[in-house]
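Engineer: Shown below is the structure under consideration.
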Amino acid sequence: MPLEGYESEIDDFQSDDATWVLASTFIIFTMQSGFGLLESGSVSTRNEVNIMVKNAADVICGGFTYWMLGYAFSFGTDPGTNPFCGIGHFFVNADDKSIGWVYSKFFFQASFATTATTIVSGTWVHVVGGINGLVATILLKPRHGRFQSKYPPQMGSPTNAVLGMFMLWWGWLGFNCGSTFGISGSKWKLAARSAVATLNSSMAGGMTGLLLSYVTKRRKLDVSYLINGVLGALVSITALCALAEPWEGIVIGVVGSLIACMGAELLIKLKVDDPVGCVPVHGFCGIWGLLSVGIFGKVDTLSGTSASAGLIYSGSFWLLGIQSIGVLSLIVWTAVIAFVFLKLIDVTVGLRLPLDQELLGSDLVEHDIGDNIYDKVTGTIRPRVLDGPASEDESIPWSSTVAFSLPLYRIPSVVGSLEYVQRIASLTSDSHVLGDKNHFTHLHQLYNRRISESYHRRALSRSRRSNPPAKRGNAARRQGVWTISMSENQVLNSDDKNPDRPHSLSVKSCKKSRVGDAGGCKRMSIHRDA
């Protein structure tokens, strides 16, 4: 494999350098576990397994495609290489002379590439991941019911989230110190300085997050402030860690922590739903980290990697201006590319689960985790374990779950649209929904919110067109928001095993003109023959 342009690097690369790079990369790969724990702990318990599977898929798919294509576009030197991307070294391979350098570099860079996909995380990678996350959250729109209360949803497992923070903290030391790509010559000194700057920044960021929470959260220590404070400081120091003095690391970490914590609050004000703090931690703090180079940067007298000083040490805005142009270029490029690809996915296979599947949770819908099994083809649910012995031809017992056969968000809550309401559910139970009465209560709340006003209007319009005025009665003159409340009627004896008996669903449709006014309600029983 031709390696024009890298001959000197290969000749200078020693066995100790390879050992350092490989050991650092092993540590960096543990960040996948940290991201998985942090993300799964931050979302609801209905989605935590899916988050862990996503992190595994990042490594599997991201690492494989980086071996095939990514490394070539990043470091290729074959004819056709241009300032935009490299060409060559596809399907990475090496000869005996270059094997140590090539494979160490591929392994190290692959760990960065897969980490970037996990964030959607060097500092430009953080900016790319954060902007990708921002575009994705805007396209996805908030989770159902996210901003209907002034209180944020509870973390699924704060313990896992904090444990994930610790694992990321550990991985970040390998991330920053390993970026020297060796310890020969003066590189080991840069690695040592990187370690101190990274540690100081993270400790200052964590302290700032805790103090900010104590002051603004009525003397409470908010877990998200702690996590965002530490991680925001780590992101912020990444760009300058090899050149930053200890005190500079503290300043950069404090500012980064403030940006991460207050940025998360800003997104809430703007109603941008970012469950894991990806945008403020990686996007906003990544921007600050790049700009901090233009402020605190200095000439590198150890390895010569930096020949320009920043604002503080030179009094010139030149380096800060260069960094600002780089930040702007990254934001524009990433936002455009992310929007194009995410929108293409959205209009083809879809970015977001339908509302009924979102309420059930990705663990059940995508992985059959739980007491039930979800059929993605028919949209129905059946219990995993039947009561008592069962054979293949035996019907599901009456004490099992209700299986919904129509996406919940498509249910029009309008009197007169009985033909639609009749398709709400295929009942196999007398008292349970998804094995959990609390979930049934949640569905009541779901219907009593304005979740699908467009469907309501369309259904009312269809009702007016399909039903003559004599049959509609006063329905044609009614306006406002309609709500549905459901309750099941037991129509079978507990010992009745006859699958041919009908099931029923009682639906009450009401028009509320003011709070507490239940007038104008109609109740109908919908029967379904098995």
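Engineer: Within the range 283-297, count every residue that is open to solvent by 10 Å² or more (accessible area, probe 1.4 Å) and under 17 Å from the mean Cα position of the chain (by Cα).
Structural biologist: The total comes to 1.
Engineer: Here's a check for you: in the range 15-36, which residue that is assigned to a helix (DSSP H, G or I) and among the hydroxyl-bearing types (Ser, Thr, Tyr) is farthest from residue 154 (Cα to Cα)?
Structural biologist: Across the range 15-36, the extreme among qualifying residues is 15.
Engineer: Picking from 239, 233, 191, which residue would you name as being of a type in the set (A, V, I, L, M, F, W, C), in contact with a Ser or Thr (Cβ under 7 Å, 6 or more places away or on another chain) and under 27 Å from residue 155 (Cα atoms)?
Structural biologist: Checking each option against the conditions leaves just 233.
Engineer: Right, another one. Residue pairs, Cβ under 9 Å, 6 or more apart or interchain, first in the range 281-298 and under 14 Å from residue 232 (Cβ atoms), second open to solvent by 10 Å² or more (accessible area, probe 1.4 Å) and among the charged types (D, E, K, R). List them.
Structural biologist: Cβ pairs passing all conditions: none.
Engineer: With the checklist (1) of a type outside the set (Val, Ile, Thr); (2) in a helix (DSSP H, G or I); (3) at pLDDT 90 or above; (4) over 30 Å from residue 276 (Cβ atoms) in hand, flag the one item residue 90 doesn't pass.
Structural biologist: (2)
Engineer: To continue, here is another question. Condition first: part of a loop (DSSP other than H, G, I, E, B), out of contact with any Ser or Thr (no Cβ under 7 Å at 6 or more places or on another chain), aromatic (Phe, Trp, Tyr) and more than 30 Å from residue 157 (Cα to Cα). Can you find one or more residues in the range 61-68 that meet it?
Structural biologist: No, the range 61-68 has no match at all.
Engineer: Considering (1) open to solvent by 30 Å² or more (accessible area, probe 1.4 Å); (2) of a type outside the set (D, E, K, R); (3) closer than 17 Å to residue 25 by Cβ; (4) at pLDDT 90 or above, say which one residue 138 fails and leave the rest.
Structural biologist: Residue 138 satisfies all of (1) open to solvent by 30 Å² or more (accessible area, probe 1.4 Å); (2) of a type outside the set (D, E, K, R); (3) closer than 17 Å to residue 25 by Cβ; (4) at pLDDT 90 or above except (3).
Engineer: Filtering the range 78-108 down to residues that are of a type in the set (S, T, N, Q) and surrounded by fewer than 17 Cβ atoms within 10 Å (Cβ to Cβ), which residue is farthest from residue 32 (Cα to Cα)?
Structural biologist: 82
Engineer: Determine which member of the set 324, 308, 316 is under 30 Å from residue 243 (Cα atoms) and out of contact with any helix residue (DSSP H, G or I) (no Cβ under 9 Å at 6 or more places or on another chain).
Structural biologist: Unique residue meeting the criteria: 316.
Engineer: If you go through the range 376-388 one residue at a time, do you hit one that is among the hydroxyl-bearing types (Ser, Thr, Tyr), modelled with pLDDT under 95 and in a strand (DSSP E or B)?
Structural biologist: yes
Engineer: Residue 227 passes all but one of (1) over 23 Å from residue 39 (Cα atoms); (2) crowded, with 24+ Cβ neighbours inside 10 Å; which number fails?
Structural biologist: Going through (1) over 23 Å from residue 39 (Cα atoms); (2) crowded, with 24+ Cβ neighbours inside 10 Å one by one, residue 227 breaks only (1).
Engineer: Ok, one more. Pick from 239, 307, 233, 244: which is under 26 Å from residue 162 (Cα atoms), among the aliphatic types (A, V, I, L, M), outside any helix (DSSP H, G or I) and more than 19 Å from the chain's Cα centre (by Cα)?
Structural biologist: Matching residue, one of 239, 307, 233, 244: 239.
Engineer: In the range 337-357, how many residues are surrounded by 12 or more Cβ atoms within 10 Å (Cβ to Cβ) and closer than 22 Å to residue 279 by Cα?
Structural biologist: 11
Engineer: Then there is this: Go through the residues of the range 302-310 one by one and say whether even a single one is farther than 24 Å from residue 193 by Cβ and in contact with a Lys or Arg (Cβ under 8 Å, 6 or more places away or on another chain).
Structural biologist: No, the range 302-310 contains no residue that is farther than 24 Å from residue 193 by Cβ and in contact with a Lys or Arg (Cβ under 8 Å, 6 or more places away or on another chain).
Engineer: Does residue 39 meet the test of being more than 19 Å from residue 180 (Cα to Cα) and not in a loop (DSSP other than H, G, I, E, B)?
Structural biologist: yes
Here's the yes/no breakdown for (1) among the polar types (S, T, N, Q); (2) in contact with a strand residue (DSSP E or B) (Cβ under 9 Å, 6 or more places away or on another chain); (3) at pLDDT below 90:
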residue	(1), (2), (3)
306	yes, no, yes
320	no, no, no
344	no, no, no
362	yes, no, no
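Engineer: Determine which single condition residue 44 fails, assuming it passes every other condition in (1) in a helix (DSSP H, G or I); (2) open to solvent by less than 60 Å² (accessible area, probe 1.4 Å).
Structural biologist: (1)
Engineer: Within the range 60-77, can you find the residues that are closer than 30 Å to residue 276 by Cα and open to solvent by 50 Å² or more (accessible area, probe 1.4 Å)?
Structural biologist: Of everything in the range 60-77, those that are closer than 30 Å to residue 276 by Cα and open to solvent by 50 Å² or more (accessible area, probe 1.4 Å) turn out to be 60, 61, 64, 65, 67, 69, 74.
Engineer: Which one of 156, 209, 185, 145 is of a type outside the set (Val, Ile, Thr), part of a loop (DSSP other than H, G, I, E, B) and either in contact with a Phe, Trp or Tyr (Cβ under 7 Å, 6 or more places away or on another chain) or open to solvent by 50 Å² or more (accessible area, probe 1.4 Å) (or both)?
Structural biologist: When all the criteria are applied, what remains is 185.
The values are calculated or read from the model by the stated rules, or taken from the named source; none is laboratory data. The model shown is predicted, which means the values in this text are computed figures rather than measured ones. Positions of Cβ are generated from backbone atoms using ideal geometry, with glycine treated the same way; all protein chains shown enter the neighbour counts. All accessible areas refer to the heavy atoms of the entire protein, side chains included, with ligands and DNA or RNA removed. Shrake-Rupley method; radii C 1.70, N 1.55, O 1.52, S 1.80 Å.
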